[in-house]
Amino acid sequence: MTLFDYKHVLPIQIRFNDIDKLNHLNNACYLTFFELGRVNYFNNIIKSSVNWDEMGFILAHTEINHIQPIYLNDEVYCYTKVIRLGSKSLTVKNAIAKKQSNKLVICAEGTGVLVAMDFKNNLSIVIPLDWRKLIKEEENI
């Protein structure tokens, strides 16, 4: 998958406290950036049709492949797309890229499996039809 396969991109600010002793982005930050990308994605796609206090998604599984380090002054972006839509879960793909020599270079890629939840009753639920429709339209899946 290339960056052209993603429709959603979020600029990420690298903070001084994100940098570890080796002067590059600490590996724990990538999960936070993926989360920022997911939240931005769903806020843009599902919009106001969700009361996030009552229902939403929880992260059930995640994987990351670290490809190239990121440093404090790098210009960084998080790319997000849904690549699988099941009945109660979906899979999100993320890429973290930085601008290097006037082109974007992928520094990390990852996936996350999200489960739709009814937070009031603490139960997994079938992904609501209106959410499913909006995601399918966005991703052509």
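Summing Lys, Arg as +1 and Asp, Glu as -1, what charge do residues with Cβ under 11 Å from the Cβ of L85 carry, L85 excluded?
Working: positive: R84, K88, R132, K133, K136; negative: E138, E139.
Charge balance near L85 sits at +3.
Between F119 and R84, the FRET efficiency from the beta-carbon distance, with R0 = 25 Å, is close to 0.65. For the chain, the longest principal axis of the Cα atoms and the long axis of helix 28-45 meet at an angle of about 50 degrees.
Placing a label point 7 Å from the Cα of D5 along the Cα-to-Cβ direction, the residues of the range 107-141 whose backbone N falls under 13 Å of that point are 109-111. Computed over neighbours whose Cβ is under 14 Å from that of L134, the net charge equals +2, Lys and Arg +1, Asp and Glu -1.
Within straight-line reach of K133, meaning a Cα separation under 19 Å, sit the following lysines at least 8 residues removed in sequence or on another chain: K7, K47, K81, K88, K93. At a temperature of 4 °C and a viscosity of 1.567 mPa s, determine how fast the chain diffuses translationally according to Stokes-Einstein, using the Kirkwood radius over alpha-carbon pairs as Rh; express D in µm²/s, rounded to the nearest whole number. Stokes-Einstein gives a translational diffusion coefficient of 82 µm²/s.
Coordinate-derived values only; no laboratory data. Everything quoted here is computed from the prediction, not taken from an experiment. All Cβ positions, glycine included, derive from the backbone under ideal geometry; neighbour counts span all protein chains shown.
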